[in-house]
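The numbers here are math on the coordinates, done by the rules we state, and not lab data. This one's a predicted model, so the numbers in the text were calculated from it and none came from an experiment. Positions of Cβ are backbone-derived with ideal geometry, glycine not excepted, and every protein chain shown enters the neighbour counts.
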């Protein structure tokens, strides 16, 4: 009996390795639950989550060349996540072109303003540095 990809089935853990767990599913076939598909959280050791002989529900992820990939975490039904709330960046360019952009300054005005504040900040920094060093020339000795 072939298992359908995407279906949820009950299975029995038949073996545990360092990379996952082998699970026997209906029809006598065995599939692998990779360590990354055991739980939503980080799994360091599969033995912390499963033991041989456990009855678990798994979802069939894929079937390729007779190998069946299974998942425990995808078999768990979760409510769908609501759409993300927040700012939509796709419309920001449109808003600027429609005149919703606050600043009406030209590039030259902005550049002049930037240079002025930059010069003021540099002179303040230079003044405070010189006073800490003891003024011009510093200590000579």
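What full-extension length gain, to one decimal in nm, is calculated for residue 36 and residue 57 as 0.36 nm per residue of separation minus the Cα-Cα distance? The span from residue 36 to residue 57 would gain 6.0 nm if fully extended.
Annotation for residue 45 and residue 127: the two label points, set 7 Å from Cα along the Cα-Cβ direction, are 6.6 nm apart. Our Cα-only numbers for region 9-70 put the radius of gyration and Dmax at 10.7, 31 Å.
Run the numbers for residue 117 and residue 17: contour at 0.36 nm per residue of separation, minus the present Cα-Cα distance, in nm.
29.5 nm
Each Cα pair under 8 Å and six or more residues apart adds its sequence gap; the mean of these over the residue count of region 8-71 is a relative contact order of 37 percent. Modelled this way, with points 7 Å down the Cα-to-C-beta line, the labels at residue 77 and residue 7 are 1.8 nm from one another.
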